[in-house]
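Step one of this worksheet: look at the structure below.
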Amino acid sequence: MEQKKAIVVGASSGIGKELAKILSGNGYIVGLAARRTDLLSELQKELSNKSLIKQIDISKPEDAEIKFKEMLIEMGGVDLVVISAGCGDLNSKLKWPIEKATIDANVTGFALIAGISLQHFLEKGSGHLVGISSIAALRGQRSAPAYSASKAFVCNYLEGLRHIATKSRKPIFITDVQPGFVKTPMSRGNNLFWISTAQKAANQIYKAIVKKKKHAYITKRWRLIAWLLKTVPDWIYNKMM
Ligand SMILES: NC(=O)c1ccc[n+]([C@@H]2O[C@H](COP(=O)([O-])OP(=O)(O)OC[C@H]3O[C@@H](n4cnc5c(N)ncnc54)[C@H](OP(=O)(O)O)[C@@H]3O)[C@@H](O)[C@H]2O)c1
């Protein structure tokens, strides 16, 4: 049987890095993409299976499009693409460079990579696309307006792509992963509860991939917070925020 192949965009740190290790441990040839190739090279040494490295900055769409397509060709096509790359900072003062960087990576960059991936799977006749959104997608947030809005975009974009995949009648799967808090460089310094390790989060994401789930809360108990966020009336939510 041919070896399975995956690309993890955002593999240099946090959730993407841990997921790349799990995929490699489960027999995948893994393509590792991010901006910091020194970190990707360190990760490569830890992996049990063959891997490839590509420097991609998804916030620079013209260049990212060329590099990501190159990577697909270099790997001879892939079965799975995970887009873990993302950024976001607390920014209630609305500093434009922070808002712009968040939108460039989490919206423009995400849509670009997700779109190329789905096209690839449609041409190939099968495949699985996984995007990492966030519980923050469920409501607007004063502390990080661009981040929560960008993650709502990720959820809705993935839903749209799922409709295209379903219409194609091909075995193409789309998974939206919504983490709560995960201990990674991104969450450092925030006041957090129910925080999971990146390893535990990646393990649960891997299980959701194997089960080809449409959606997964990470960790599972964040389903409760999601329910609360969806049902709490505005006047209470406004006080909490
Ligand atoms: N940690 C949490 O509590 C939490 C909660 C909900 C959702 N999430 C989401 O989970 C995903 C992974 O985050 P994490 O917690 O693992 O954070 P992290 O440790 O900071 O990792 C972020 C990854 O994204 C990559 N990245 C960022 N901007 C990029 C760009 N322009 N081009 C290419 N790669 C880029 C980084 O690589 P380079 O810097 O090397 O490019 C890094 O590999 C993100 O989408 C995040 O929004 C995290």
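Read-outs: derived from the displayed coordinates by stated rules, not from any lab. Note that the structure is a prediction, hence the values are computed from the model and not measured. When we count neighbours, we look across all protein chains shown, and the Cβ atoms used for this are built from the backbone with ideal geometry, even at glycine.
Summary table below
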| read-out | value |
| --- | --- |
| Alpha-carbon centroid distance for the pair the stretch 153-211 / the stretch 8-37, whole angstrom | 14 |
| Shape category assigned to the stretch 117-241 from the gyration tensor of Cα positions, a/c cut at 1.5 | prolate |
| Filter on Lys45/Lys183; Lys100/Lys207; Lys50/Lys183; Lys124/Lys213; Lys50/Lys211 - keep pairs with C-alpha separation over 32 Å | Lys100/Lys207 |
| Residues listed by number, the stretch 1-32, amide nitrogen under 11 Å from Glu74 label point at 7 Å toward C-beta | 31-32 |
| Under 16 Å from the Cα of Lys69 - aspartates and glutamates, other chains or at least 8 residues apart | Asp57, Asp79, Glu123 |
| Between 0 and 90°, nearest 10: helix 145-168 axis offset from the chain longest Cα axis | 50 |
| Long-range amide H partners of Thr175 with built H, under 5 Å | Leu129, Val130, Gly131 |
| ³J(HN,Hα), Karplus 6.51/-1.76/1.60, whole Hz, each residue of the stretch 84-98, x for Gly, Pro | 9, 3, x, 8, x, 10, 4, 7, 5, 7, 6, 5, 4, x, 6 |
| Computed magnitude of the charge dipole of the chain (debye, nearest 20; Cβ of K, R +1, Cβ of D, E -1) | 920 |
| For peptides 140-153, 193-206, sequence by mean Cβ density within 10 Å, most packed first | 140-153, 193-206 |
| Segments 64-70, 164-170, 230-236 sorted - mean Cβ within 10 Å per residue, highest first | 64-70, 164-170, 230-236 |
| The stretch 1-46: relative contact order in percent, alpha carbon pairs under 8 Å with at least 6 residues between | 42 |
| Among Phe121, Ile73, Ile15 the positive-end extreme of the charge dipole of the chain (Cβ point charges) | Ile15 |
| Inter-label distance, nm, simple model (7 Å from Cα along the C-beta direction), Trp96/Gln55 | 2.9 |
| Nonlocal amide H pairs with Leu52, under 5 Å, H built at 1.01 Å | Val30, Gly31, Leu32 |
| Quarter of the Cα convex hull surface for the chain, i.e. its orientation-mean projected area (nm²) | 13.0 |
| Mean residue ellipticity (222 nm) of the chain, computed from DSSP H runs ≥ 4 via -39,500 (n - 2.57), nearest 500 | -14500 deg cm²/dmol |
| Tilt relative to the chain, helix 110-124 - C-alpha long axis, 0 to 90 degrees, to 10 | 40 |
| Cα-Cα over 29 Å, subset of Lys60/Lys200; Lys5/Lys95; Lys21/Lys67; Lys95/Lys214; Lys67/Lys220 | Lys60/Lys200; Lys5/Lys95; Lys95/Lys214; Lys67/Lys220 |
| Other-chain or far-sequence residues with amide H under 5 Å of Tyr217's (modelled H) | Gln178 |
| Length-normalised contact order of the stretch 5-240 in % [C-alpha pairs under 8 Å, at least 6 apart] | 18 |
